[in-house]
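Derivation of every value follows stated rules applied to the coordinates shown; laboratory data play no part. This one's a predicted model, so the numbers in the text were calculated from it and none came from an experiment. Counting neighbours? That spans all protein chains shown, and the Cβs are built from the backbone with ideal geometry, glycine included.
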Amino acid sequence: MPTLLARSPITPAVTRPEGVRVRPLPRVIGADVPVPVRDGRRVPYANFDYAASAPCLEAVHEAVTRALPYYSSVHRGAGYASQVTTAAYEDARETVRSFLGAWRRSAVVFTRNTTDSMNLLAHAVPAGTSVVVFESEHHASLLPWKRAVRLPAPATPAEALSAADRALRGCPIGSRLLVVTAASNVTGELWPIEELAHVAHRNGARIAVDAAQLVPHRPLDMTALGLDYVAFSGHKLYAPFGAGVLAGRADWLRAAEPYLRGGGASASVGETTRWAPSAEQRHEAGSPNVLGALALAAACETLSPDWDELAAREEALVARLRLGLATLPHVRELTLWGERAPRVGIVSFTVDGWNARDVALTLSDEHGVGVRDGKFCAHPFVRHLLGEDRSAVRASIGIGTDEEHIDRLLTALAALTAR
């Protein structure tokens, strides 16, 4: 039987000599796009909303453009374009596997986003599974579970470990799952996921990690950290083409009924239906988002060689922003574990006497600065941090952020608080 092409011509291998930079740091599309402000000028957009949706990397755009002439159906087509597209799609799966440091036998299922991934996992857990989750989670990780013990936001990382340990020990006999974030989408603070994985396994539980806010900023190695499941979104990883990933242990996924029932998920259909045996086939029914998967893989390949430089650059920008905010007497930064807690490029704050929406609109209308306002799909956590039902402002940093953007935001906030 003919076999598919060994490697797609639209996903060529890239070699990078050891210690030699063969290209500049990654760039995003739209980093310098001009936007109008109230006085009639047009200024370069200062985008501080990366935590919601990151712009497209130039390399991702180029990868999708390369793929478009060959775009065709995957897995069941015999034509050349279908073979090329299928090979590229499966190459993308292996790229994601490598990016996450996932075990060779792990499932890597393409989804729509982190929310879709967590709902897929919630669909696949065995009946009666006890789930432990902190109230500080994003709604994508907080809401999908049928049977969950919801823990209050811990005052320290050590308290997170002890609270998870107590909760898991108290669960009924049977399957158990601990669900945690890797980096908070509200405060940017990093959670002790390796230690939490040890706690979970010590109590006969598995751990599922929402890595949506970590993987755009730092590398993640599932094997080294002992993580059972990881979910993330392409649109936060500079690949805004509607793809996400659920990666992890395949047994629960293989045993579950298909997340969607349709073509591709079935091995045979007659009076009875036999479902596809692999987790990927079983839960990727219908024509998949091929271009989204290729875009996501291109982002993984683009970021992987540059983590050290990107992280160092981000840390300098975050320090500049936080130091500047600390000098503004009416601005209060939100933090769960204190100002010294390690974090990625996400900073949320309130402004005394100002509604968060008004702050965001003023920054946009008068200064060309784009921030996020609200409760960031983490309502219980924001209420915990603010002690009341209020909203906050979030400034999130990405590859297109520079020092001028930071200084413009700080200058704008200083002017706003002086009114």
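Brief remarks on what is shown
- Projected label points at Tyr80 and Asp39, each 7 Å from Cα along the beta carbon direction, are separated by 5.9 nanometres.
- Mean separation of Cα contacts under 8 Å, 6 or more apart, over the residue count of region 203-304: relative contact order %: 24 percent
- Each Lys or Arg adds one and each Asp or Glu takes one away; over the other residues whose Cβ falls under 14 Å from the Cβ of Ala155, this sums to -3.
- Cα gyration tensor shape of region 65-305, rounded if a/c is under 1.5, else prolate or oblate by comparing a/b with b/c: oblate
- Here each label is just a point 7 Å from Cα along the line to Cβ, and for Ala415 and Thr272 those points are 7.2 nm apart.
- Helix 307-326 and the longest principal axis of the Cα set of the chain meet at an angle near 30°.
- Shape of the chain, Cα gyration tensor, a/c cut at 1.5: oblate
- Distance from the alpha carbon centroid of region 239-276 to that of region 172-236 works out to 23 angstrom.
- Rel. contact order, % - alpha carbon contacts under 8 angstrom, at least six apart, region 65-305: 24 percent
- Entry note, the chain: the mean residue ellipticity at 222 nm calculated from DSSP H runs of n ≥ 4, each adding -39500 (n - 2.57), is -11000 deg cm²/dmol after division by the residues and rounding to the nearest 500.
- Summed residue charge, Cβ within 9 Å of Asn203's Cβ, Lys/Arg positive, Asp/Glu negative: +2
- Taking the longest Cα principal axis of the chain as reference, the axis of helix 114-124 is set at about 40 degrees.
- Rounded to the nearest 10 degrees, the inclination of helix 58-67 to the longest alpha-carbon principal axis of the chain is 30 degrees.
- Distance between region 343-419 and region 35-84 - C-alpha centres, whole angstrom: 27 Å
- Dipole magnitude for the chain: about 920 debye, using +1 per Lys or Arg Cβ and -1 per Asp or Glu Cβ, origin at the Cα centre.
- Positive minus negative residues near Val179 (Lys, Arg vs Asp, Glu; Cβ under 9 Å): -2
- Label sites at Leu68 and Glu195, each approximated as a point 7 angstrom past Cα along Cα to Cβ, lie 4.9 nm apart.
- Given +1 at the Cβ of Lys and Arg, -1 at the Cβ of Asp and Glu and no other charges, the dipole of region 65-305 around its Cα centre is 480 debye to the nearest 20.
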